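See structure below.
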Amino acid sequence: LFASVEMAPRDPILGLNEQFNADPNPKKVNLGVGVYTDDQGKLPLLKCVAAAEKQMSEAPKARGYLPIDGIVAYDKAVRGLVFGAEHPAVKAGRIATAQAIGGTGGLKLGADFLKRLNPDAQVLISDPSWENHRALFESAGFPVDVYPYYDAANRGIHFDGLIAKLKSSKAGTIVLLHACCHNPTGYDLTDAQWDEVIAVIQAGGLVPFLDMAYQGFGNGIAEDGQVVIKFLESGLSFFVSTSFSKSFSLYGERVGALSIVSESAEESGRVLSQLKRVIRTNYSNPPTHGAQVVATVLNSPELRKMWEDELAEMRDRIKLMRTALVKELSAAGVQGDLSYITRQKGMFSYSGLNAAQMQRLRAEFGVYGVDSGRICVAALNSGNIQGVAAAIKAVM
Ligand code: PLP
Ligand code: TYF
């Protein structure tokens, strides 16, 4: 039966973890996968999460099947977080939100739904993007092309190229956009650039799909969410996938959501009914624990405040590491303008190092980053940063 099955290539990022774990170097540093660790190099268990779990364990509940679209209080809390509980679009019932298996699950639900709705559409992702974007939309049956994004020469965004590509795309083209903290480059559009993107999308009849995997890691929860509000105010119909993997440090619980903004409550009802069909034929209904934790935190003023503070702490520590990296690289003798490191947002820095240099970093120094040159600055800490800076200098 399986004689003709070929070995599939490893995930370029998750595959690095296996290599890292097998490396006997005691000084090894994992800057590959996008996971936040604290200054002790530990994956944090947020206090708000522990408190919610304590509450839950003190009043243990039997676990029946959840509704197909997930915990009602969770969906409502996510909608409030992403769009604002008081926004007229929310109050008008124009936004359907369904619990999903992580941000990846939210993207896949949206992709499967869109395939049924508009089977001949093309999908555009940024060049470069999170590797899984292409794979995921291709596996849903779409041809996937790219829009220009990273401008290596100027260490920023190739905005003219992006706009030109959108302008030349057919109506109905699905455009996947990183709402904040672009993975892998760390470069985000400015407010004015978002306005222009929205105008072009609107004029061309394109379908926006926002991927929000790092809300709160850029400038703040509300600040990072402003992009979603801009789309909402434009009157467009669009998709938003949400991930709480990073913002709640709940990677393994697979907590996410898909929200679909439509034109009326009536339309939203029909859209949700079709979305539920996609869910039912994939996994029937979602799991309880992680979403219950997030709902408990978001719906309790006290725990929510705790979460906002803990998220701010993660964001501030990442910013501190960016400044420290600039300082340590300079101290190690790296010349030139390093300000791009502090201009980038979120967990990642596109270092500009090439694949050969990244491979040397791994082989000679035990510093694991992605071959694209991406390093996870959220995994730097006061104990490893000097060594990392010296290693980078050595391979330059
Ligand atoms: N989208 C982007 C841009 C990501 O970096 C990630 C990272 O994991 C995801 C989506 C997926 O999130 P999750 O781990 O919740 O599935
Ligand atoms: O880009 C990252 O590192 C994170 C984690 O297939 C990740 O988004 C990486 C690869 C993957 C799933 C998650």
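FYI, it's all coordinate maths here, none of it is from the lab. Treat the numbers as computed from the prediction; the structure is a model and nothing was measured. Using ideal geometry, Cβ is built from the backbone for each residue, glycine included, and neighbour counts are taken over all protein chains shown.
Where the centre of each part is set by its Cα atoms, how far does segment 358-395 sit from segment 305-342, in angstrom?
Distance between centres, Cα-based: 15 Å.
Which of M396, M314, M321, M7 has the fewest other C-beta atoms within 10 Å, and how do the rest follow up to the most?
M7, M396, M314, M321
Ranked by Cβ crowding within 10 angstrom, fewest neighbours first, how are D224, D371, D120, D145 ordered?
Fewest to most other Cβ atoms nearby, the residues stand as D120, D145, D371, D224.
Please identify the chymotrypsin sites (Phe, Trp or Tyr not before Pro) of segment 207-299 that satisfy two criteria: DSSP loop assignment and at most 15 other Cβ atoms within 10 Å. Which are they?
Y283
Sequence neighbours fewer than 8 away in the same chain don't count; with that in mind, list the lysines whose C-alpha is under 29 Å from K319.
K27, K28, K42, K47, K230, K246, K305, K327, K345, K393
Could you tell me which of G110, L272, L258 has its Cα farthest along the dipole of segment 65-299 towards the positive end, charges placed at Cβ (Lys, Arg +1; Asp, Glu -1), taken about the Cα centre?
The residue sitting most towards the positive pole is L272.
Let me spell out the model: positive unit charges on the Cβ of Lys and Arg, negative unit charges on the Cβ of Asp and Glu, origin at the Cα centre of the chain. What dipole size does that give, in debye rounded to 20?
The dipole magnitude comes to about 520 debye.
Which of the trypsin sites (Lys or Arg not before Pro) found in segment 30-76 are in a DSSP loop and have at most 13 neighbouring Cβ atoms, other than their own, within 10 Å?
K42, K61, R63
To the nearest 20 debye, what charge dipole does segment 65-299 have about its Cα centre, counting +1 at the Cβ of each Lys and Arg and -1 at the Cβ of each Asp and Glu?
Dipole of segment 65-299, to the nearest 20 debye: 720 debye.
So what J values fall out for segment 385-396 if you push phi through Karplus, 6.51 cos²θ - 1.76 cosθ + 1.60 with θ = phi - 60°, rounded to Hz, Gly and Pro as x?
5, 5, x, 5, 4, 5, 5, 4, 4, 5, 8, 7
Mean separation of Cα pairs under 8 Å and 6+ residues apart, divided by the residue count of segment 65-299: what relative contact order is that in percent?
In percent, rounded to a whole number, it is 30.
Take each of the peptides 304-310, 68-74, average the number of other beta-carbon atoms within 10 Å over its residues, and list them starting from the highest.
The most tightly packed comes first, giving 68-74, 304-310.
Would you mind counting up the charge near D69? Only other residues with Cβ under 12 Å from its Cβ, with Lys and Arg at +1 and Asp and Glu at -1.
Here the charged neighbours net out to +4.
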